[in-house]
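Worksheet: the structure to be examined is printed underneath.
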Amino acid sequence: LIPDLPIARWSMIFLPHQQTMLNVHRPQYTLMFETLLSTEPPWLYLHAQLPEPSIENLGNEEYALPQEYGGAHGPKASLIGTLMHVVDVERCKDGRLELLAQGIGRAAVLRETQSVPYARADVQWLPDAETLLSCEARRIDWNRSQFLGEAALDLLGLSAR
């Protein structure tokens, strides 16, 4: 669970592992990213797609996020999005922000914690198959080392080192 994560709800689609440059100029999103950047890294946010015209759709009940865990949400709300990491930022003289952001995985909105001036929510990371397989392989290696002991693994040529 990632609690109270900021959400950018734009019409663009970002995918895990995709890197993109963002030109942030709308006041609510400038505030969102300035607030995020004032915290310690890593600077994470969720990108959840919102169809055009996204500004009008922010207040549309059909796109409303759930207010409680497992609660009702708008029938057109995107609850699955891309967990994004802000890698670099440049502040422009005119108040805009230019951000380099990297998609790091999929995530699901569980419960909206704030809607104004920008959305925030409790979010659950959704690991991909490669991550799950890697974790399982590490678990198996750890279990094997605990059962046999490192010295026995070295003798058998099965050391994880």
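Distant-in-sequence amide contacts of GLN18, defined by a placed amide H-H separation under 5 Å and a gap of 5 or more residues or a different chain, comprise GLY103. Treating each Cα of region 39-97 as an identical point scatterer and summing with the Debye formula, the log10 of I(q)/I(0) at q = 0.21, 0.24 Å⁻¹ comes to -0.94, -1.01. Rounded to the nearest 10 degrees, the angle from helix 129-148 to the longest Cα principal axis of the chain is 30 degrees. The amide H of LEU110, built 1.01 Å from its N in the peptide plane, has ASP122, VAL123, GLN124 as neighbours under 5 Å, considering only residues 5 or more places off or on other chains. Using the 1.4 Å probe convention, the accessible area of the chain works out to 59 Å² per residue with neighbouring protein chains retained. Principal-axis analysis of the Cα atoms of the chain puts helix 27-37 at an angle of about 30° to the longest axis. Using the alpha-carbon centroid of each, what span in Å lies between region 81-132 and region 61-79? Going from one Cα centre to the other spans 18 Å. Here is the size of the chain from its Cα atoms: Rg then Dmax, 20.2, 67 Å. For the chain, relative contact order (Cα pairs under 8 Å, six or more residues apart, normalised by length) works out to 27 percent.
Heavy-atom surface analysis with a 1.4 Å probe gives the chain a carbon and sulfur content of 58 percent of its accessible area. Rounded to the nearest 20, the Cβ-based charge dipole of region 76-149 about its Cα centre (Lys and Arg +1, Asp and Glu -1) stands at 180 debye.
Ordering of 125-135, 75-85, 107-117 by packing is 75-85, 107-117, 125-135, highest average first (other Cβ atoms within 10 Å, averaged per residue). Add -39500 (n - 2.57) for each DSSP H run of 4 or more in the chain, then divide by its residues: what number comes out at 222 nm, to the nearest 500 deg cm²/dmol? After summing the helix terms and dividing by residue count, I get -8000 deg cm²/dmol.
The values are calculated or read from the model by the stated rules, or taken from the named source; none is laboratory data. In this text, all values refer to a predicted model and were calculated from it rather than measured experimentally. Backbone-built Cβ (ideal geometry, glycine too); neighbour counts: all protein chains shown. Heads up: the accessible areas ignore ligands, DNA and RNA and are worked out on the full protein's heavy atoms, side chains in. Shrake-Rupley method; radii C 1.70, N 1.55, O 1.52, S 1.80 Å.
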